[in-house]
1. Does SER66 satisfy the condition of being among the small types (Gly, Ala, Ser), surrounded by fewer than 15 Cβ atoms within 10 Å (Cβ to Cβ) and over 23 Å from ASN146 (Cβ atoms)?
2. Condition first: outside any strand (DSSP E or B) and buried (at least 16 other Cβ atoms within 10 Å of the Cβ). Now tell me which residues in the stretch 83-103 satisfy that.
3. Within the stretch 13-26, can one find any residue that is crowded, with 17+ Cβ neighbours inside 10 Å, under 20 Å from LEU120 (Cα atoms), of a type in the set (D, E, K, R) and at pLDDT below 90?
4. So how many residues does the stretch 104-152 have that are part of a helix (DSSP H, G or I), farther than 13 Å from VAL33 by Cα and not aliphatic (A, V, I, L, M)?
5. State all residues of the stretch 116-164 that are free of Cβ contacts under 8 Å to residues at least 60 places away in the same chain and touching a Lys or Arg at 6+ places or on another chain (Cβ under 6 Å); if no residue qualifies, say none.
6. Within the stretch 60-82, can you find the residues that are over 18 Å from GLU109 (Cβ atoms) and not in a loop (DSSP other than H, G, I, E, B)?
7. Condition first: closer than 26 Å to SER141 by Cα and of a type in the set (Asp, Glu). Now tell me which residues in the stretch 27-76 satisfy that.
Amino acid sequence: MKVRKKSYFDSFREVVKAVNSTLDLREVLKMLVGEVTRVLDLKGCSIRLLDPNRRTLELVSYQGLSEKYIRKGPVDADRSIAEAMEGKTVRIYNVAEDPRVQYQKEAIEEGIYGIVSVPLPIKGRVIGVLRLYAGEPHILSDDEINFAEALAEMGAIAIENAKMYETIRKDYENVMSDIFTFVGYRRSI
């Protein structure tokens, strides 16, 4: 068990380094889904963010899933394992028997047996989900769930940081544009 926990720690540390060293959100999220898939020995993993206007979960990163499955249709935040959007980690042990799975037929065709949906929490709200996909009966231990939840929290922080950076960058560009416009105006007087 010590080797497994070290693997969790090493993986978590790599994701933290990525979050702290780059503002390239795609790179960080790609690393996150890759590490979760590898360390937990899963079929795949995805990150979906909430579009509050349409109440859908929009795909932003994935690993180990086919294009056909990824493009199966809109994922309804209020219908597809909705408890995760309330801040609860949800474990589905058999997608064929659980009505909370929005696209059961497509999941079965993809070879998905179980799904764990982990909320992405930030500042008291859930901005999306980290979905873990098992291709065989695979009950994740509490340690594995804790690992996934910790990485989901890091992912949410990376997403929030990227949004704040983009807002600050746009504000800076607007201010600089206003200054240059004002300076150009003053010179023409």
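The values are calculated or read from the model by the stated rules, or taken from the named source; none is laboratory data. Owing to the predicted nature of the structure, the values given are computational and were not obtained by experimental measurement. Please note: Cβ atoms are built from the backbone with ideal geometry, for glycine as well, and neighbour counts cover all protein chains shown.
1. yes
2. Answer for the stretch 83-103, where residues must be outside any strand (DSSP E or B) and buried (at least 16 other Cβ atoms within 10 Å of the Cβ): ALA84, MET85, THR89, VAL95, ASP98, ARG100, VAL101, GLN102, TYR103.
3. No, every residue in the stretch 13-26 fails to be crowded, with 17+ Cβ neighbours inside 10 Å, under 20 Å from LEU120 (Cα atoms), of a type in the set (D, E, K, R) and at pLDDT below 90.
4. 9
5. VAL116, SER117 - these are the residues of the stretch 116-164 that are free of Cβ contacts under 8 Å to residues at least 60 places away in the same chain and touching a Lys or Arg at 6+ places or on another chain (Cβ under 6 Å).
6. Within the stretch 60-82, VAL60, SER61, GLN63, ASP76, ALA82 meet the criteria.
7. Matches in the stretch 27-76: GLU35, ASP41.
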